[in-house]
Amino acid sequence: MERTLAIIKPDAVERRLTGRILERIEAEGFQIRAMRMVRLTKKEAEGFYAVHRGRPFFESLTSFMSSGPAVVLALEAPDAIRRWRDLMGATNPAQAAEGTLRRTFATSIERNATHGSDAPETAAFELAYFFRGVELVEM
Ligand code: ATP
Ligand code: MG
């Protein structure tokens, strides 16, 4: 079993797509191990996306991510990191495969509906960023 950090980003929450995305998460076989709605501050968004500091889109991305509530989730499944990224689709919705969450719900490369960790080390950092160990114990 593996865990990954997923975010339903502020664009999707605002457009009331949370329920439809949660439905896909469960239908695709992920177990939701923890879930919370958060309103990130600009500083918290910058800390979360620290690896992108210096990129041209960093300022806009962190403003967007702190612009409204988001839903953070710990998802569990075999090969969860890769499978969740497959379900999200490519970063740019114009390049995302048919049926993926970003193809279906994203409106731009920035406002792309969902986030997923990209490796075991980033998943560990990102899960710890939002959830205390006690919230993630085996159920
Ligand atoms: P995420 O980390 O959110 O799951 P990702 O791993 O597919 O997405 P990254 O390269 O990590 O993509 O970029 C993080 C986020 O920054 C993207 O999801 C998107 O919201 C935004 N982003 C990435 N590239 C661009 C860009 N060229 N222009 C604007 N925003 C971008
Ligand atoms: Mg990424």
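The values are calculated or read from the model by the stated rules, or taken from the named source; none is laboratory data. Computed from a predicted model, the values in this text were never measured in an experiment. Ideal geometry is used to build each Cβ from the backbone, glycine not excepted, and the neighbour counts take in all protein chains shown. Please note that ligands, DNA and RNA were not included when accessible areas were found on the heavy atoms of the full protein model with its side chains. Shrake-Rupley method; radii C 1.70, N 1.55, O 1.52, S 1.80 Å.
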| remark: Counting only residues in segment 84-135 that are surrounded by fewer than 16 Cβ atoms within 10 Å (Cβ to Cβ), assigned to a helix (DSSP H, G or I) and aliphatic (A, V, I, L, M), the one farthest from ligand 2 (Cβ to nearest atom) is identified as V134
| remark: Of the residues in segment 10-37, those that are touching a helix residue (DSSP H, G or I) at 6+ places or on another chain (Cβ under 7 Å) and either open to solvent by less than 20 Å² (accessible area, probe 1.4 Å) or among the small types (G, A, S) (or both) number 6
| note | (1) polar (S, T, N, Q); (2) within 13 Å of ligand 2 (Cβ to nearest atom); (3) not in a helix (DSSP H, G or I) all hold for S67 apart from (2)
| said: Can you report the number of residues in segment 79-96 which are under 19 Å from E23 (Cβ atoms) and touching a helix residue (DSSP H, G or I) at 6+ places or on another chain (Cβ under 9 Å)? | reply: 6
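Where in segment 1-62 are the helices (runs of 4 or more DSSP H), entirely inside, with at least 2 residues that are under 19 Å from L101 (Cβ atoms) and of a type in the set (A, V, I, L, M)?
Working: elements: 10-14, 18-27, 42-48.
Ranges flagged: 10-14, 18-27.
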| request: Tell me, please, whether a residue that is away from ligand 1 (no atom under 16 Å from the Cβ) and loosely packed, with under 13 Cβ neighbours inside 10 Å can be found in segment 45-65. | output: no
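Quick one: would you say A113 is in contact with a Lys or Arg (Cβ under 8 Å, 6 or more places away or on another chain), within 19 Å of L40 (Cβ to Cβ) and either modelled with pLDDT of 95 or more or among the hydrophobic types (A, V, I, L, M, F, W, C) (or both)?
Working: in contact with a Lys or Arg (Cβ under 8 Å, 6 or more places away or on another chain): yes; within 19 Å of L40 (Cβ to Cβ): yes; either modelled with pLDDT of 95 or more or among the hydrophobic types (A, V, I, L, M, F, W, C) (or both): yes.
Here the answer is yes, as A113 does meet what is asked.
Can you say whether E76 is open to solvent by 70 Å² or more (accessible area, probe 1.4 Å), at pLDDT 95 or above and within 21 Å of R20 (Cβ to Cβ), as far as the supplied structure shows? Reasoning before the result, please.
Working: open to solvent by 70 Å² or more (accessible area, probe 1.4 Å): no; at pLDDT 95 or above: yes; within 21 Å of R20 (Cβ to Cβ): yes.
The answer is no for E76.
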| Does any residue in segment 114-132 that is touching a residue at least 24 places away in the same chain (Cβ under 8 Å) and closer than 26 Å to E14 by Cα come within less than 7 Å, Cβ to Cβ, of a residue that is among the aromatic types (F, W, Y) and open to solvent by 70 Å² or more (accessible area, probe 1.4 Å) six or more places away or on a different chain, and which pairs are these? | none
| request: Evaluate segment 34-50: report whether one residue or more is in contact with an Asp or Glu (Cβ under 6 Å, 6 or more places away or on another chain), in contact (Cβ under 8 Å) with a residue 40 or more places away in the chain and not hydroxyl-bearing (S, T, Y). | output: yes
